[in-house]
Amino acid sequence: MKIVIRDTKEELSSLIAEKFIKLLKKKPDAVLGLATGSSPTVVYDDLIKAYQKKTISFEETSTFNLDEYLDYKHNQDSYWYFMDQHLFNHININKKHVHFPNPKDPAGYDALIEKTPVDLQILGIGADGHIGFNEPNTPFDEGTHITSLTQRTIKDNSRFFPSIEDVPTKAITMGLKTIMKAKEIVLIATGSNKNEAIKKLLAKVDPSCPASILNNHPNTTLYLDKEAAKDIKER
């Protein structure tokens, strides 16, 4: 596992975006694994700028999103809407090539990814160490599945909603086993609230910190700001 530490989220995002850009230049039909939340949004901004400059094209690109809420009250609360607003509506991607997990057929998502493996997967990390919506103690061999969100995750996600009562309590998520099939994984974490999760991630492989499974992946890089990495050394 590689670790990259920089001062700001913008610096980290620029480095990750450049990795995506290099991939798309080399392989226009690349398969991208995408995440939602605040962590990847600056990366998506950089990708939009690269597209607008005609540096890259998404015409042949396919995407697989990590997860989706099940019981959201308004369309704008869905992760599909989030991705449209932050990326898809601003690039030339074919919406037929955009994939989200289907709660009626979780296993079908895994089968599709098995046939078209993800070239580069971006992840955020929860304060409790979850990736996707794989909450603590999710089995490492779990595929795409429906899950109930912990109260901590609901509280953390409430900043995106009018009130905590509006936060969905269930989601469908790409499983840890599925995430690990990606050829390359990048994880971005910023802020002191992610420090404890990063420490647990690096301490040992333990289901209580789902992200720790990434220690077993052959090609993973952590992109951390100094707050998230304050208790580790750059290597």
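Taken together, the values in this text are just the output of simple stated rules run on the coordinates, not laboratory data. Owing to the predicted nature of the structure, the values given are computational and were not obtained by experimental measurement. Counting neighbours? That spans all protein chains shown, and the Cβs are built from the backbone with ideal geometry, glycine included.
Compute, for the range 141-235, the length of the dipole vector about the Cα centre, with Cβ point charges of +1 (Lys, Arg) and -1 (Asp, Glu) only. Units Debye, rounded to 20.
Approximately 220 debye in magnitude.
Between beta-carbons, use under 10 Å as the cut-off and find the net charge around A127, counting Lys and Arg +1, Asp and Glu -1.
So the surrounding residues net to 0.
So what's the projected area for the range 161-235, the Cα convex hull averaged over all directions, in nm²?
Averaged projected area of the range 161-235's Cα convex hull equals 6.4 nm².
Can you tell me the convex hull volume per residue for the range 33-135, based on C-alpha atoms, in Å³ to the nearest whole number?
116 Å³
May I ask you to evaluate 6.51 cos²θ - 1.76 cosθ + 1.60, the Karplus curve with θ = phi - 60°, for each residue of the range 178-189 and list the ³J(HN,Hα) values in order in whole Hz, giving x for glycine and proline?
Ordered by residue, 3J(HN,Hα) equals 5, 4, 5, 6, 4, 5, 9, 10, 10, 10, 10, 9 Hz.
If the reach is capped at under 21 angstrom between alpha carbons, list the lysines near K22, excluding any in the same chain fewer than eight residues apart.
Filter leaves K2, K9, K49, K53, K54, K181, K183.
Have a look at I56, A30, P101 and report the one farthest towards the positive end of the charge dipole of the range 1-145, computed about the Cα centre with Cβ charges (Lys/Arg +1, Asp/Glu -1).
Toward the positive end, the furthest listed residue is I56.
Please express the Cα-Cα pair-distance distribution P(r) of the range 116-165 as a list of whole percents, one per 5 Å bin, running from 0 to the bin with the greatest distance.
Computed distribution, short to long bins: 4, 16, 25, 23, 17, 9, 5, 1.
Apply the Karplus parameterisation 6.51 cos²θ - 1.76 cosθ + 1.60, with θ equal to phi minus 60°, to every residue of the range 74-83 and state each ³J(HN,Hα) to the nearest whole Hz, in sequence, with x for glycine and proline.
For the range 74-83, the Karplus-derived couplings read 10, 3, 5, 8, 7, 6, 4, 4, 4, 5 Hz, x marking Gly and Pro.
Could you work out [θ]222 nm for the chain from helices alone, using -39500 (n - 2.57) per DSSP H run of at least four and dividing by all its residues? Round to the nearest 500 deg cm²/dmol.
Here the helix-only value at 222 nm equals -8500 deg cm²/dmol.
Based only on Cα atoms, what Rg/Rh ratio does the range 70-208 have, Rh being taken as Kirkwood's radius?
Rounded to two decimals, Rg over Rh is 0.95.
What whole-number distance in Å separates the alpha-carbon centres of the range 154-204 and the range 38-103?
A separation of 18 Å, based on Cα centres.
Please list, in order along the range 127-132, the HN-Hα scalar couplings obtained from phi with the Karplus expression 6.51 cos²θ - 1.76 cosθ + 1.60 (θ = phi - 60°), rounded to whole Hz, x for Gly and Pro.
Along the range 127-132, the couplings run 4, 9, x, 7, 10, x Hz.
In the structure shown, do any of K177/K200; K115/K155; K27/K96; K155/K204 have a Cα-Cα gap over 29 Å, and if so which?
Correct reply: K115/K155.
For the range 153-196, rounded, prolate or oblate, judged on the Cα gyration tensor with a ≥ b ≥ c (square roots of eigenvalues), a/c < 1.5 rounded, else prolate if a/b > b/c?
oblate
With +1 assigned to the C-beta of every Lys and Arg and -1 to the C-beta of every Asp and Glu, and no other charges, what is the dipole magnitude of the chain about the Cα centre in debye, to the nearest 20? It would help to have the intermediate numbers written out before the result.
Working: 31 positive and 32 negative charges, 139 e Å.
Magnitude of the dipole: close to 660 debye.
Using amide H atoms built in the peptide plane, which far-off residues or other-chain residues are under 5 Å from C209 H to H?
Under 5 Å from the amide H of C209: N137.
Share of antiparallel DSSP beta bridges in the chain, in percent to the nearest 5?
On the way: 8 of 29 bridges.
Counting only bridges with both partners in the chain, antiparallel ones make up about 30 percent.
Hey, could you pull the Cα Rg and Dmax for the range 18-68, both in Å?
Over the range 18-68's Cα set, Rg and Dmax evaluate to 10.9, 31 Å.
Given a Förster radius of 35 Å and the C-beta distance between E165 and F140 as r, what FRET efficiency does 1/(1 + (r/R0)^6) yield to the nearest 0.05? All intermediate terms of the calculation are to be shown ahead of the outcome.
Working: r = 33 Å, r/R0 = 0.94.
Once rounded, the FRET efficiency stands at 0.60.
I need the P(r) histogram for the chain: all alpha carbon pairs, bin width 10 Å from 0 out to the longest distance, whole percents.
Reading the bins upward from 0: 8, 34, 39, 18, 1.
Mind checking the dipole of the range 1-84: about its Cα centre, +1 per Lys or Arg Cβ, -1 per Asp or Glu Cβ, Debye to the nearest 20? Write out the running numbers ahead of the final one.
Details: 12 positive and 14 negative charges, 110 e Å.
The calculated dipole for the range 1-84 is roughly 520 debye.
By the gyration tensor of its Cα atoms, with a ≥ b ≥ c the square roots of the eigenvalues, what is the shape of the range 57-102: rounded for a/c under 1.5, prolate for a/b over b/c, or oblate?
Since a/c reaches 1.5 but b/c is at least a/b, the shape of the range 57-102 is classed as oblate.
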